[in-house]
Structures are given as structure tokens and as C-alpha cells.
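Asker: So that we are looking at the same thing, I have put the structure below in C-alpha cells.
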Amino acid sequence: MLLTPLRPTAEVRAGSASRFAAAFGLILKAGDPVLLAAGACLAHLLRFGTLAHSREQVGVIVVAVLVALIVFNTSPLYRSWRGRGLTAEVFQVGLQWTVVFTGVLVYITALQLADNLSRMWLLSWFGVSLGGAVLLRVGVRGASAWVRSRGMDLRSAVIVGANPDAQRIVNTMRKEAWMGIRVEGWFATHADRSKLTSIPLLGQVDALAQYVEDNHIDQVWISLPLREQGQIAYILRRLEHSTAEIKLLPDLFGLQLLNHSVDQIGGLPVLNLRSSPLDGAAHLIKATMDKILASLILLMISPLMIAIAIGVKLSSPGPVFFRQLRHGMGGKPIEVWKFRSMRMHQEEEGKVTQARKGDSRVTPFGAFLRRTSLDELPQFINVLQGTMSIVGPRPHALAHNEQYKTLVDRYMQRHRVKPGITGWAQVNGLRGETDTLEKMARRVEYDLYYMQNWSVEFDLRIIVMTVFKGFISKNAY
């Protein structure tokens, strides 16, 4: 006879889950850099029979740990593994370790240290530390599974809808205890033609939001056909103020159109409805490319920026730079830097007047800067700060966002990525004043196309197009 352990209250479960999750996460975050350094020492002992390192080796180890702290913490390496198998996590560990050691090799090459370092030591270091990181995760997963089997470190979930896929996910969560997800029950909708077994019916979908709030539910799994768009939209509206994760179990029809942040659990495709298109490895790759290119570009154009700064200062009284609050990634306000191209003037509070052809506020030198886009060069500083990207949707003034977000369909979705100095819309001629709703709608259409089709090659293509045809535009005034 199997004894079912007593189920703790929602508050106790939430508290224990957060404590254990934080502890396991801390073990991994602290263990990885320690294993990286320890792997270097062990590899040195195996290769040379001593722990005495040269000055160059110590320097390389310190650089590796510093690079790892940046790379690991900006990657999905420490994302919760619930529902993600060990194979997928080992692949992610191998990928991030490769990125770190690639950075180490770049450092060694740049400082011409290759002749002073043993290639066998470096190779052994990579293998030993990577093996240690994998073993650490096996151990943490084992400890986590042991804890969860005793009713701790659990996430609570409810299912919306009843179909074979929903039943399959319920069976998977009940069978795979290591996932640590407890399905409390399911809610019925008008589209249901069957019932879920082994879990209780909690009511109709109208009662979902209140139940989620009262019982501190962590996850809501929506299992409805994609044709039930109205029902899905209704559920999302009811859960608008909930902090629960929302996941969709879609059918395969049209899945290729929804290619961002897709997970698999129990062999089923699961779409994360609240995620960024540039997440995980894509985010790391783009951020790294931005930092490297922005540093090189600022180094090359620094004499030009000094000359422009002098020209701005001589053109009219006022500061060299103009800083304006605009919306960045996630809709958070950021300060965007530009060379000042207008005479000092006062705008009405809450109003931003776009520059028009023949605008009397623009100085002659400022008009030249705007036509050639040279006024936007200081935004490479924004890229180094991490508030902007080289390529992305152009940031709009706060007042314009308030104006257009209710007028243009999916307007605010462009803020799911960092704004850019240049973008797909700009190299296709959509620059300058957006004096009609149609112009803004077309710009947003191009921005969303870029987000849905992002790749490194696409970014490089836009940068090249900007160099050859994007700097000068008849619409920039």
C-alpha cells in the first residue's frame, strides 16, 4: 500500500520552492567558476606533476573566470530545468564552456602568450572543468529529485482544456517526479469534448483567475486548439494581473509561424507566451557582437566625433549632446544620446514635435548632421552601456509611443528587443518624420519582420546596407 505524503499549504510550498530553487541555483552559480579554476589546477597537476603555475598561467585563469562570470550569467545556463532533460542542459553547458574558452584563446592570441602556454594543458583544462560542470549538474539534479519526491521544491500548475495532449502532459508530470510540477486540477471550456482523468475538475474557465490568485498557482497550461483564439485571449485577459507563468500546448497547425521560445515537454511542443524573441544563446551572441563592434567603431570614429562636437558648439549656444528619454527593451525608459542639431528651445510639457522639412529650430550644421545620420553616432555609447543595440527597431519618443500604441496594431511588441541605431525599416527608406498613421504602421511592420527573422547574417546585412545607402536620406531633416 502506497502512502501519500501530506500536502503542505500553498504558502509553505511556495516558500520551500523558492528557498530550494535559490539554493540549487546558488550552488551552480558558485560551483561553475570554482570548477573552472580547479580544472585548470588539476589539469596542470596531471600535465606537469605540480600545482606551481607560471605568472602567464595565473593571468589566463583569472581572465577565464572573469569571462565566465559574464558569459554564464547572461546565458540561459542557470534557467530552471523543470521540463528540460539532462541532455539539453549538458549541451547548453558545453556551448557556454566553448564560448568562454574561445574568449580565452582570443586573449592568449592578442597578448601573444601562445608560446608560453602548453596546448595540452589548455585542452586538458577544458575537458576536466567541463566534465566537472556536468557532474555538478547531475548531482544537483539528483538532490533536487530527492527533495521533490518528499513534497518540497514543487511548482503548482493547473490545466485549461481537455484533449489528448493535455492528458499526455498530465501523465508526464505525474510520472516524471524530477520535474517538480504538481498538477492541482483542470478547468473546463466550451471547446472540451472529453475529460481529464487522474486529476480533479476545478470548475469552468470563468473561475480560473480567482483560483490562481487564491492558491498562488505558479503555472497555467492552456491546452486549446489554435482556432479558439477568442477563448485564449479571454483567458489571457483574466490573468492579466497574475504573476503565474502561462504556457500554451498548441496543435501543430501553424506552428512554424510561432518560432520563438519553444520548449518540448513529454515530446509535445510548448510555446512560452511571455518571452523575448532574442533569448538565450541568441541574446548572448547579439550582445557580444554589439559590444565588440561598438568598441571598434568608437575607436575608429573618435576623431570624427571630436570634430563634430566642435562644430555643434560653434553652430549655436548650448550643450554638445542632446539626451532624450525613449522606451528601451521591455518598455523601460532609457536615455538616448545624439549630437545636438537644433537651437535650444522649450517644448510644451508632454509634447514632442518631430523635425519637419525647413524646420527653423534646426541649425545649418545640424541639418547636415541629420541628413547624414552623423548626429546619431553617440548612440554607440548607448550600445556599450547595454541600453541599445547596433541593429534593432529605432527608439521613439515617449510621447509618440503613447500616441501610437493604441492606433497601430502590435506597436508595443517592437519593445521586446533592444532598440537599434539602425534597423530594417531604416535601410528600406522608412526614416524621418512619420506624419501619417500609414507611415508608422509600415515602420512597425518592418520592425516586426526583423524580430521574427533575426540572425547574425541579417544583422550584418543591415549594417552593410546602412553603410552604403542608409546614412543619407531625403526623409531625414
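Asker: If only one of R174, R168, R193 is assigned by TED's automatic domain parsing to the domain that holds A244, over 31 Å from the mean Cα position of the chain (by Cα) and not in a strand (DSSP E or B), which one is it?
Answerer: Matching residue, one of R174, R168, R193: R193.
Asker: Please enumerate the residues belonging to the range 106-119 that are exposed (fewer than 14 other Cβ atoms within 10 Å of the Cβ) and either touching a strand residue (DSSP E or B) at 6+ places or on another chain (Cβ under 9 Å) or not in a loop (DSSP other than H, G, I, E, B) (or both).
Answerer: Of everything in the range 106-119, those that are exposed (fewer than 14 other Cβ atoms within 10 Å of the Cβ) and either touching a strand residue (DSSP E or B) at 6+ places or on another chain (Cβ under 9 Å) or not in a loop (DSSP other than H, G, I, E, B) (or both) turn out to be V106, T109, A110, A114, D115, N116, R119.
Asker: Still on this model: Kindly evaluate Q229 against the criterion of being out of contact with any Ser or Thr (no Cβ under 7 Å at 6 or more places or on another chain) and at pLDDT below 90.
Answerer: Judged against the criteria, Q229 is a match.
Residue-by-condition table, conditions (1) of a type in the set (K, R); (2) at pLDDT 90 or above:
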{"site": "L113", "(1), (2)": "no, no"}
{"site": "N116", "(1), (2)": "no, no"}
{"site": "V128", "(1), (2)": "no, yes"}
{"site": "G132", "(1), (2)": "no, yes"}
{"site": "A143", "(1), (2)": "no, no"}
{"site": "V147", "(1), (2)": "no, no"}
{"site": "R150", "(1), (2)": "yes, no"}
{"site": "R155", "(1), (2)": "yes, no"}
{"site": "I159", "(1), (2)": "no, yes"}
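Asker: Applying the selection to the range 303-320, what residues are of a type outside the set (A, V, I, L, M) and either surrounded by 14 or more Cβ atoms within 10 Å (Cβ to Cβ) or more than 18 Å from I381 (Cα to Cα) (or both)? Don't jump to the end; show me each part of the working.
Answerer: Residues of the range 303-320 of a type outside the set (A, V, I, L, M): 303, 311, 313, 315-319.
Scanning the range 303-320 gives G311, K313, S315, S316, P317, G318.
Asker: Of everything in the range 177-214, what is surrounded by 14 or more Cβ atoms within 10 Å (Cβ to Cβ), under 13 Å from A244 (Cα atoms) and modelled with pLDDT of 90 or more? Give them in sequence order.
Answerer: L208, A209, Y211, V212
Asker: Can you give me the number of residues within the range 362-381 that are over 19 Å from T422 (Cβ atoms) and of a type in the set (V, I, T)?
Answerer: Residues flagged as over 19 Å from T422 (Cβ atoms) and of a type in the set (V, I, T) within the range 362-381 amount to 2.
Asker: Follow-up. Does T434 count as out of contact with any Lys or Arg (no Cβ under 7 Å at 6 or more places or on another chain) and either at pLDDT 80 or above or not acidic (D, E) (or both)?
Answerer: no
Asker: Which residue pairs have Cβ atoms closer than 9 Å, lie 6 or more positions apart in sequence or on different chains, and pair a first residue in the range 46-75 that is in contact (Cβ under 8 Å) with a residue 40 or more places away in the chain and loosely packed, with under 13 Cβ neighbours inside 10 Å with a second residue that is part of a helix (DSSP H, G or I) and among the basic types (K, R)?
Answerer: N73/K29
Asker: When you scan the range 129-138, do you find a residue that is closer than 30 Å to A40 by Cβ, in the same structural domain as V100 (by TED's automatic domain parsing), buried (at least 19 other Cβ atoms within 10 Å of the Cβ) and hydrophobic (A, V, I, L, M, F, W, C), even just one? If you could, list the steps in order and put the result at the bottom.
Answerer: So in the range 129-138, the residues closer than 30 Å to A40 by Cβ come out as 129-138.
Adding the requirement that they be in the same structural domain as V100 (by TED's automatic domain parsing) leaves 129-138.
Pick out the ones that are also buried (at least 19 other Cβ atoms within 10 Å of the Cβ) and you get 129-130, 133, 137.
Those left that are additionally hydrophobic (A, V, I, L, M, F, W, C): 130, 133.
Taking every residue of the range 129-138 in turn, at least one turns out to be closer than 30 Å to A40 by Cβ, in the same structural domain as V100 (by TED's automatic domain parsing), buried (at least 19 other Cβ atoms within 10 Å of the Cβ) and hydrophobic (A, V, I, L, M, F, W, C).
Asker: What pairs can you find where one residue is in the range 218-236 and touching a residue at least 60 places away in the same chain (Cβ under 8 Å) and surrounded by 22 or more Cβ atoms within 10 Å (Cβ to Cβ), the other is of a type in the set (G, A, S) and in a helix (DSSP H, G or I), and their Cβ atoms are less than 7 Å apart, with a gap of 6+ or different chains?
Answerer: Filtered contacts from the range 218-236: S223/A166.
Asker: A follow-up question, please. Would you be able to tell me the number of residues in the range 125-140 that are within 27 Å of the chain's Cα centre (by Cα) and over 18 Å from F101 (Cβ atoms)?
Answerer: Total satisfying the criteria: 3.
The values are calculated or read from the model by the stated rules, or taken from the named source; none is laboratory data. Keep in mind the model is a prediction, meaning the values are calculated, not measured. Positions of Cβ are backbone-derived with ideal geometry, glycine not excepted, and every protein chain shown enters the neighbour counts.
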